[in-house]
Amino acid sequence: MIGLSLDPQGRLLQLDAVPPQVEDNLSLTAPFDWKVLFTAAGLDMTRFASAEPQWVSLTPFDARASWTGSYASATEVPMRIEAASWRGKPVFFRVIGPWSKPERMAQSSGVPPGPLVVVMVVLALGAFLAWRNFRAKRGDFRGANRAAAFVFGGAWLSHLLTTHPVAALSEAGVFLSGALDAAIPTVTIWALYLAFEPYVRRRWPQSMITWSRVLSGGFRDPLVGGHLLFGVALGIGLALLNSGGRLALGQYRPVTNAGLLSSLDARGLADSLLTEMVSAFLFGMLLTFVLMLLRVLLRGQWLAAAAFVLLGASAAFGDVHPVIRAVGEISFFTLFAATLLRFGGLLPTIVCLFVGNTLGGFPIADFSTWYASTTVFVLVVILALTAYAFHTAVAGRPLFKAGLLEPD
C-alpha cells in the first residue's frame with residue numbers, strides 16, 4: 001500500500017509505503033538515492049544540510065535521514081525533510097514546515113477552557129429553559145419543529161453524500177448512522193429555539209419578524225428579501241474580517257483543506273455547503289440565545305450588547321497573539337450584535353454566517369487554477385442568493401422610474 005500527498009502544483013509533500021508482510025528475497029540492496037524524492041518534491045537538495053532525524057515512521061525501516069534548509073525563494077521559510085527506507089525502497093517522506101504538527105501525538109487544542117465552560121453552561125441553561133417552556137406549553141412549537149426538520153434533512157443529506165452506497169442490506173446501517181448523526185444538531189437547534197423564542201418575542205419581537213414569516217412559508221415577502229440582502233452584505237464583511245485575521249496572524253492559506261476536499265467532486269462540494277448551512281443555523285441560534293440571556297440578566301439592550309462583545313473577546317485570553325485575537329473577536333461579535341439587534345435579527349444572522357464561512361472556507365481564486373470550477377460554483381450560489389433576495393425585496397417594482405433613461 002502506498003499513500004501520497006501532493007500540493008496543488010503536484011509536488012510531493014508526504015509518502016507512506018507499507019512493505020510486504022513476508023519477504024522471500026533477503027539479499028542486501030543498495031541504499032536509496034534520496035535525490036529522487038527531493039526532485040519529486042520540487043526541492044533543491046543543495047539547499048539542505050543533513051540533520052539528526054526526529055520524525056518516526058509507522059512502517060518498518062532500516063535507514064533514516066533528515067535535512068534542514070529552505071525553499072529556493074525570496075522568503076527563507078525554514079523547512080525540514082524527514083525520510084526513511086526499507087531494503088533500498090522509500091517508505092517514509094515528509095516535507096515539514098513551521099506549521100506542521102505531529103498527528104499521532106496529543107496536541108493542545110489552543111482553545112482556552114473559559115469559552116468552553118461558557119458554551120457548556122449556555123447549553124445547559126438552554127436545555128433547562130426549553131424543558132420549562134415545553135412543560136408550560138409556551139413557545140412557537142410549530143416553528144421549532146419546522147426549523148429542526150429542515151436542519152435534520154440538511155444534516156442527514158450531508159452525511160449521505162459522504163458515503164458510497166451499494167446494493168446490500170448493510171446499507172440500512174449507513175442510513176441509520178446518518179440519522180443518528182443528524183439528530184445531534186437537530187435536537188440542539190430545537191431546544192435552543194424553544195428556549196429563547198418566547199423571551200425574544202416578548203422583549204424584541206422585531207428580530208423574529210422575518211424568521212417567523214419564513215417558517216410560515218412567506219419566502220416572497222419583501223421584508224424577507226431585504227433581510228436576506230442584509231445578511232449577504234454582512235456575510236461578505238464577515239469573510240473579509242476572517243481573511244484579515246488570518247493575514248494578521250500569518251496563517252493565510254490560498255486553499256484550505258476543506259476547500260480542496262470539496263473541490264474533488266460535486267458530492268463533496270454539496271456536502272460542504274450543507275455542513276456550512278447547518279453550522280450557520282446552530283451558531284446563529286446559539287448567539288441569539290446568549291444575547292437573550294444577557295438582556296434578561298442586565299435589563300438593558302446596549303448593556304447586553306457590550307457584555308456580549310466582551311464575552312466573545314474573552315476567547316483571546318491565553319492565545320499566542322492575544323491582541324490580534326482580541327481585535328478579531330471584538331469585531332466579529334460587534335458584527336453579530338449589530339445584526340441581531342439592528343439588521344433584522346435571526347434570519348440575517350444565519351445568512352451572514354453561511355455566506356461569511358462559505359466565502360472563507362472555500363478556495364476563492366483565479367480562474368486559471370484546476371479548482372476554478374469550485375470557485376465558480378460557490379460564487380454562483382452566493383450571487384443566486386443575492387439575486388433572489390434583491391428580486392424579492394423590490395416586490396416586482398421596476399428598478400427605474402418610467403422615462404428615467406429617456407433623452408430629454
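The values are calculated or read from the model by the stated rules, or taken from the named source; none is laboratory data. Small disclaimer: the values here were computed from a predicted structure and weren't measured. Here Cβ is always computed from backbone atoms with ideal geometry, including for glycine, and neighbour counts include all displayed protein chains.
Of all the residues that make up segment 54-64, how many are under 18 Å from S100 (Cα atoms) and surrounded by 16 or more Cβ atoms within 10 Å (Cβ to Cβ)? Number of matching residues: 2. Restricting T46, T39 to residues that are modelled with pLDDT under 90, hydroxyl-bearing (S, T, Y) and not assigned by TED's automatic domain parsing to the domain that holds A307 narrows the list to T46.
Quick check: anything in segment 89-107 farther than 20 Å from A40 by Cβ and modelled with pLDDT under 75? Looking for residues that are farther than 20 Å from A40 by Cβ and modelled with pLDDT under 75, one finds at least one in segment 89-107, hence yes. Of the residues T334, T374, T339, T358, the single one that is touching a Ser or Thr at 6+ places or on another chain (Cβ under 7 Å), closer than 20 Å to G235 by Cβ and at pLDDT 85 or above is T339.
Consider segment 269-308 and keep the residues that are buried (at least 19 other Cβ atoms within 10 Å of the Cβ) and among the β-branched types (V, I, T). The one that is nearest to F128 (Cα to Cα) is V290.
Rundown of residues vs (1) in contact (Cβ under 8 Å) with a residue 40 or more places away in the chain; (2) more than 35 Å from the chain's Cα centre (by Cα), yes/no style:
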| position | (1), (2) |
| --- | --- |
| A63 | no, yes |
| S70 | no, no |
| R80 | no, no |
| G88 | yes, yes |
| V91 | yes, no |
| R94 | yes, no |
| K101 | no, no |
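Would you confirm, using the coordinates I've provided, whether G139 is touching an Asp or Glu at 6+ places or on another chain (Cβ under 9 Å), surrounded by 13 or more Cβ atoms within 10 Å (Cβ to Cβ) and part of a loop (DSSP other than H, G, I, E, B)? Yes; evaluated as a whole, the condition is true for this residue.
In segment 347-354, the condition of being within 30 Å of D7 (Cα to Cα) and modelled with pLDDT of 90 or more is met by at least one residue.
For segment 163-189, filtering for residues that are closer than 23 Å to V151 by Cβ and either in contact (Cβ under 8 Å) with a residue 60 or more places away in the chain or not in a helix (DSSP H, G or I) (or both) leaves 5. Could you tell me whether Y199 is surrounded by fewer than 21 Cβ atoms within 10 Å (Cβ to Cβ) and either under 26 Å from the mean Cα position of the chain (by Cα) or within 30 Å of L297 (Cα to Cα) (or both)? Taking the combined requirement at face value, the residue satisfies it. Does segment 324-331 include one or more residues that are in the same structural domain as F281 (by TED's automatic domain parsing) and in a loop (DSSP other than H, G, I, E, B)? No: zero hits.
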